[in-house]
Each structure stands twice: as structure tokens, then as C-alpha cells.
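Inspection log for the structure reproduced underneath, given as C-alpha cells.
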Amino acid sequence: MEDAKVPWKELEAADAVAMAANQHAREAAASAADAAAAFMSDEPVPFNRSYKSKEVCDFLRELFPLPPSKAQAPPLDPTWLTWNDGIVVTLAQGIYEKGAFDRLPILADVLEEAGCTDAAILNHCRSGGEHVRGCGALDAVLGKT
């Protein structure tokens, strides 16, 4: 039986990678905790851990526009959804299916033409932030909330 050669350099490199990954996981968890605290709070919470906290918090706010204690579906008048042969829903469905969130300002314009005056919905659709599936305004139009 031949002695197996132990690849010490490779094992040391793998150990270093594992330690770095563990550190990044701890930092990500801390950032997520900061973001969750900011999301749940009515008061601003300083981000002390990393720049990722702000991005995580922005992402959570896209999915859940209000803290869960205050969450409610935006009020949508059914006439907005049926206006002009249902163009609002058709446009929203296309945005959702294609992930074409850059078209949300167009959806805001169409909603406004249909009679929507809800500043929260219109401003959200027109905001320049990153939007994702699960966007409260888009889901409300599609009846997903």
C-alpha cells in the first residue's frame, strides 16, 4: 500500500476560503438584521455594519411598502382596472411577466389617465428605485395581494 500524498497547500487554501466565506456569511446576517430593524422601525436606524444593509432594506421596502404592522393593500378602484378595455391590467401583466420594471412609470401614467389619484401608488411606480416581482403596487393591480 502506497502512502497517499496529502495536498497540504490545497487544504490550507480551502480552509482559508471556508474561513472567508464564514466571515462573509456573518457580515451578511448582520446586514440583514440591520435592514430588518430599519424596516420594522418608524424611526431611522443607522447602518453600522456595511453598505449592503441599505440595499437589503430598499429591497424589503420594495416587497413590503409598509412595515407589517401597518401593511394593507393599496386601495384600487375597480373602474381603473377596466378602463380602456383593461389596459392597466394588460400593461401590469406584461411588466410582471417580462420583469420590465422600467415600464412602471408608464403604468403610473395609465393609472392616472384611468382616474387614479393615489399619490402613494403613482409615486411608487414613478420612483427610480429598483423594483422586483412582489412590488406592492404591481401586485395590487394584478390582484396578487
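The values are calculated or read from the model by the stated rules, or taken from the named source; none is laboratory data. Quantities reported herein were computed from a predicted structural model and do not represent experimental measurements. For neighbour counting, all protein chains shown are included, and Cβ atoms are generated from backbone atoms with ideal geometry for every residue, glycine included. Surface areas here come from the heavy atoms of the whole protein model, side chains and all, with no ligands, DNA or RNA. Shrake-Rupley method; radii C 1.70, N 1.55, O 1.52, S 1.80 Å.
Being at pLDDT 90 or above and not in a helix (DSSP H, G or I) is the filter here, so list the residues in segment 104-131 that pass it.
Once the filter is applied, which keeps residues that are at pLDDT 90 or above and not in a helix (DSSP H, G or I), segment 104-131 yields Ala114, Gly115, Cys116, Thr117.
Output the number of residues of segment 125-145 satisfying the condition of being open to solvent by 40 Å² or more (accessible area, probe 1.4 Å) and either touching a helix residue (DSSP H, G or I) at 6+ places or on another chain (Cβ under 7 Å) or within 11 Å of Leu104 (Cβ to Cβ) (or both). Steps first, answer last, please.
Here is the first cut: in segment 125-145, the ones open to solvent by 40 Å² or more (accessible area, probe 1.4 Å) are 126-130, 133, 143-145.
Narrowing the set further to residues that are either touching a helix residue (DSSP H, G or I) at 6+ places or on another chain (Cβ under 7 Å) or within 11 Å of Leu104 (Cβ to Cβ) (or both) leaves 126-130, 133, 145.
Adding up the residues that qualify gives 7.
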